[in-house]
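The values are calculated or read from the model by the stated rules, or taken from the named source; none is laboratory data. Nothing here was measured: the structure is a model prediction, and the numbers come from that model. Every residue, glycine among them, receives a Cβ derived from its backbone with ideal geometry; neighbour counts consider all protein chains shown. For accessibility, only protein heavy atoms count, side chains too; no ligands or nucleic acids. Shrake-Rupley method; radii C 1.70, N 1.55, O 1.52, S 1.80 Å.
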Amino acid sequence: MRPLWWRKFKDRLALAVIFLLALFPALPLFHILYGIFKQGLPALSWEFFTSLPKPPGEEGGGVGNALVGTLMLSLLASLMAVPVGVLCGIYLSEFSRGKFGEVVRICADVLQGVPSIVLGIVAYLWVVKPMGHFSALSGAVALAIMMLPVIVRSTEEILKRIPEALREASLALGVNYWRTVLKVLLPTGLVGITTGILLSLARIMGETAPLLFTAFGNPFWNLNPLQPVEALPLTVFKYAISPYPEWVRQAWGASAVLTLLVLGLNLFSRFLARRLGGNGR
């Protein structure tokens, strides 16, 4: 039998290797974040957030229209995807007993893996071609399709985690099943469902490919969902490949803002998920 000091040494060596391997995936993320914030934060100013882009070659300007467009696209996509996704998740959790439910689950999983550029082409055929022009509405349709599987699966999983005793207690009081779902299950799982919605929002806010075929971009203020609209990912894409140093600087600034938005949504959803784990709901 080997001495005690040798076994302790091997144990600590194994722990050190595991720690280094666990740290390795985080290194590229920290490197990317360092590069984005180092280049992007100096470009941020009040004018950057509130102004329209200046013509090529001129100093100054901002991405105010892209910020408004990103929020509008996210709001429209949420209005389309959240009700459908939550209702579909309720069906899969509470009423699906046959093969149809399994088919719906497989479809949601497959939809989650479809490349975003393909969904952009689909939205182009469904909305842009019949309308005859690009619009925020068509961009929101593409983003809503991307949000849908995340909301469906997260809602289903959250409702399945609710203890059966809650359902039985409600039914024992004479409450019918639909009222049990609306008055007991949904309020109990609200934190988890909200977490799923936030994660789906974080996924779509940085998408560029589907917006190239749908929202297209707009250098002016626009609140009309039937007209083309600018978005932060589109701004980053267009400015980053331009030959003008001022636009490249603003592309870094827009990247920093977009990263902060996505990080904020992810951290907030993690905070809600920790609450979910703490109270067992």
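When residue 252 is tested against the conditions (1) assigned to a helix (DSSP H, G or I); (2) over 30 Å from residue 153 (Cβ atoms); (3) modelled with pLDDT under 90, the lone failure is (3). What do you reckon, is residue 153 of a type in the set (Lys, Arg), touching a residue at least 24 places away in the same chain (Cβ under 8 Å) and open to solvent by 40 Å² or more (accessible area, probe 1.4 Å)? Yes.
Filtered by the rule that a residue be of a type outside the set (Gly, Ala, Ser) and either surrounded by 15 or more Cβ atoms within 10 Å (Cβ to Cβ) or not in a helix (DSSP H, G or I) (or both), region 23-57 gives 24, 25, 36, 37, 39, 44, 48, 52, 53, 54, 55, 56.
Residue 264 fulfils the conditions (1) open to solvent by 30 Å² or more (accessible area, probe 1.4 Å); (2) over 18 Å from residue 44 (Cα atoms); (3) within 15 Å of the chain's Cα centre (by Cα); (4) not hydroxyl-bearing (Ser, Thr, Tyr) except for a single criterion, (2).
I'd like to know if region 197-206 contains one or more residues that are modelled with pLDDT under 90, of a type outside the set (A, V, I, L, M) and open to solvent by 20 Å² or more (accessible area, probe 1.4 Å). Yes, there is a match, as at least one residue in region 197-206 is modelled with pLDDT under 90, of a type outside the set (A, V, I, L, M) and open to solvent by 20 Å² or more (accessible area, probe 1.4 Å).
Apart from one condition, residue 117 fits all of (1) of a type outside the set (Lys, Arg); (2) buried (at least 21 other Cβ atoms within 10 Å of the Cβ); (3) part of a helix (DSSP H, G or I); the exception is (2). Restricting the search to helices (runs of 4 or more DSSP H) fully inside region 126-192 and requiring at least 3 residues that are in contact with a Lys or Arg (Cβ under 9 Å, 6 or more places away or on another chain) and aliphatic (A, V, I, L, M) gives 136-160.
Only one entry in 124, 91 is within 16 Å of residue 217 (Cβ to Cβ) and either of a type outside the set (D, E, K, R) or open to solvent by less than 10 Å² (accessible area, probe 1.4 Å) (or both), namely 124. Considering region 96-114 alone, what residues qualify as being assigned to a helix (DSSP H, G or I), open to solvent by 60 Å² or more (accessible area, probe 1.4 Å) and either free of Cβ contacts under 8 Å to residues at least 24 places away in the same chain or polar (S, T, N, Q) (or both)? Passing the criteria: 99, 100, 102, 103, 106, 107, 110, 112.
Per the listing 79, 73, the residue uniquely part of a helix (DSSP H, G or I), open to solvent by 80 Å² or more (accessible area, probe 1.4 Å) and under 29 Å from residue 225 (Cα atoms) is 79.
For every residue, the table says whether it meets (1) under 18 Å from the mean Cα position of the chain (by Cα); (2) in contact (Cβ under 8 Å) with a residue 12 or more places away in the chain.
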position	(1), (2)
201	yes, yes
204	yes, yes
220	no, yes
239	no, yes
253	no, yes
260	yes, no
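When residue 242 is tested against (1) among the small types (Gly, Ala, Ser); (2) in a loop (DSSP other than H, G, I, E, B); (3) buried (at least 20 other Cβ atoms within 10 Å of the Cβ), exactly one condition is not met: (3).
Residue count for region 207-216 satisfying the condition of being open to solvent by less than 10 Å² (accessible area, probe 1.4 Å) and in a loop (DSSP other than H, G, I, E, B): 2.
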